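What follows is one structure encoded as structure tokens, with my remarks underneath.
The values are calculated or read from the model by the stated rules, or taken from the named source; none is laboratory data. Remember, it's a predicted structure, so these values are computed and weren't measured experimentally. For neighbour counting, all protein chains shown are included, and Cβ atoms are generated from backbone atoms with ideal geometry for every residue, glycine included. Heavy atoms of the whole protein, side chains included, go into the accessibility calculation; ligands, DNA and RNA do not. Shrake-Rupley method; radii C 1.70, N 1.55, O 1.52, S 1.80 Å.
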Amino acid sequence: MIETERLILKPLTHDQLLKYIKDDHSLEQEFGLLPTKKNISPSLHDALEQTILPNVFDKDKDYLYHTLWTIISKTDHRMVGDICFVGEPDPNGEIEIGYGTYEEFRGKGFMTEAVGRLIEWAKEQAKVKSVFAATTKDNVASYSILEKNNFIHIGEVDDMLSWKIEFK
């Protein structure tokens, strides 16, 4: 678990991910939080079942790079979004980050703050040399978060933009 002034970022265990997928507010109950309306997209649901859960369950993998980290607002006592890495660092020390803010909490700076804090955490990890992210060209909110956290636009393919931050 890592924190900012307003947020708690908590990596979910295998059992907590199962509660997250159920979306019956049992995860919020476990954390002593108020219920939150999550919108688990079909692509996230598929990723959870096919990739995230098996990788988190695998004791040979570092689950911090495979699980969802829930983002909790300290003042609202609610989950406001999710953030994750897409696997462990590659041979060049690069990891990919993905994130989403729940509808009612958008536009409040939560994700900019969460991405910034998770980047700080990644910088402290010996194997991590850079972080990559991809956004659609029309998702201004998403790439604004990256720009505010000093990511550099490095390319585009079709409707996708590629972003990267490197550590010294």
(request) Determine the per residue accessible area of region 2-166 with all protein chains present and a 1.4 angstrom probe, expressed in square angstrom. (result) 53 Å²
(request) Express the Stokes-Einstein translational diffusion coefficient of region 2-166 in µm² s⁻¹, to the nearest whole number, given a Kirkwood radius over alpha-carbon pairs, 25 °C and a viscosity of 0.890 mPa s. (result) 151 µm²/s
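Past the 25 Å Cα-Cα mark, which pairs from Lys137/Lys168; Lys37/Lys129; Lys10/Lys123; Lys74/Lys129; Lys61/Lys129; Lys10/Lys148?
Lys137/Lys168; Lys37/Lys129; Lys74/Lys129
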(message) Can you give me the % of accessible surface on the chain that is carbon or sulfur? Probe 1.4 Å, all protein chains present, nothing else counted.
(response) 50 percent
(request) Go ahead and run the numbers for FRET between Asp23 and His153, Cβ-Cβ distance against an R0 of 41 Å, rounding to 0.05. (result) 0.75
(request) For region 43-145, run through the trypsin sites (Lys or Arg not before Pro) and keep only the ones in DSSP coil with at most 16 other Cβ atoms within 10 Å of their Cβ. (result) Lys59, Lys61, Lys74, Arg106, Lys108, Lys127, Lys137
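I need the peptides 156-164, 64-72 ranked by packing, meaning the mean over residues of other C-beta atoms within 10 angstrom, with the highest value on top. If you can, show how the numbers build up before the last one.
On the way: 156-164: 13.2, 64-72: 23.3.
Most protected by this proxy first, the peptides run 64-72, 156-164.
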(message) Helix 110-123 against the longest principal axis of the chain: what's the angle in degrees, Cα atoms only, rounded to the nearest 10?
(response) 60 degrees
